[in-house]
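The values are calculated or read from the model by the stated rules, or taken from the named source; none is laboratory data. Just so it is clear, the structure is predicted and the values come from calculations on it, not from any experiment. Because the Cβ atoms are built from the backbone with ideal geometry, glycine has one as well, and the counts that use them run over all protein chains shown. Accessible surface areas use protein heavy atoms only, side chains included; no ligands, DNA or RNA. Shrake-Rupley method; radii C 1.70, N 1.55, O 1.52, S 1.80 Å.
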Amino acid sequence: MSVIIHDTTLRDGEQAAGVAFAPSEKIHIAQLLDEIGIPQIEVGVPAMGKDEQEVIKAIIDLKLQAQVVTWNRALHSDIDASLSCEAEAVAISVPASDIQLKNKLQKTRAWALNLIKEVIRYAKQQGLSYISIGAEDASRADDDFLIQLARLVREEGVNRFRYCDTLGILDPFRTYDKIKHLIKQVPELDIEVHFHND
């Protein structure tokens, strides 16, 4: 088993209170991450608008050794915004917990499964070389539904499945148990973990 670091400083790092990177700082941080050998850099959210798209495009144009990944909601418009930056690799997030599906979106599990299948197929039609699906709030999701989602992602030919502890509720022991169970149930799928220290 190999471990790959997928650095999210340029996206998630800006979610900390009082943190906002200038475009030149984002470019410099991307270059430094590349220099120290980080293999994947998640550079931002193109759907945020023109300014964000310009800095993402500037980073992509650097032709770094690291794979440059953009973050997207499960929407065609987000994928299109990534493509406008000439992105070749995308991370797509979908709510996985009933709490988020019902309370945040007033949607069902069936809706989430259909949405992600349709968005994966759209992204593939656009010729994207790398697609990761992030299960938002996975740590509060029903285990059986999470496995169903992971199996769907595998069947659709996605590169990686991201398990997100969106609210930072897991401890190391529960994390071990949950990820081990997921890998056992969907062994053919690369699993990424993304944790918050809330």
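Listing for the model above:
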{"read-out": "Within-14-Å neighbourhood charge of THR108 [Cβ basis; K, R +1; D, E -1]", "value": "+2"}
{"read-out": "FRET efficiency, ILE183 to HIS28 (Cβ-Cβ, R0 30 Å, nearest 0.05)", "value": "0.25"}
{"read-out": "Loop-located trypsin sites (Lys or Arg not before Pro) in segment 1-76, at most 14 other Cβ atoms within 10 Å (DSSP)", "value": "LYS63"}
{"read-out": "Whole-number accessible area per residue in Å² for segment 65-198, which is evaluated in the context of all protein chains at 1.4 Å", "value": "49 Å²"}
{"read-out": "Full-extension gain in nm, THR175 to LYS107, via 0.36 nm per residue minus C-alpha separation", "value": "21.8 nm"}
{"read-out": "Extension gain from GLN65 to SER84, taking 0.36 nm per residue of separation minus the Cα-Cα distance", "value": "4.7 nm"}
{"read-out": "Segment 155-170 versus segment 11-63: alpha-carbon centroid distance in Å", "value": "21 Å"}
{"read-out": "Sequence-distant lysines (8 or more away, or on other chains) whose Cα lies within less than 19 Å of LYS63", "value": "LYS26"}
{"read-out": "Full-stretch length increase - ARG73, ASP51 - with 0.36 nm per residue and alpha-carbon distance subtracted", "value": "6.1 nm"}
{"read-out": "Accessible area of GLU136 in the full protein assembly, 1.4 Å probe (Å², nearest 10)", "value": "40 Å²"}
{"read-out": "Lysines whose Cα lies under 21 Å from that of LYS124, excluding same-chain neighbours fewer than 8 positions away", "value": "LYS57"}
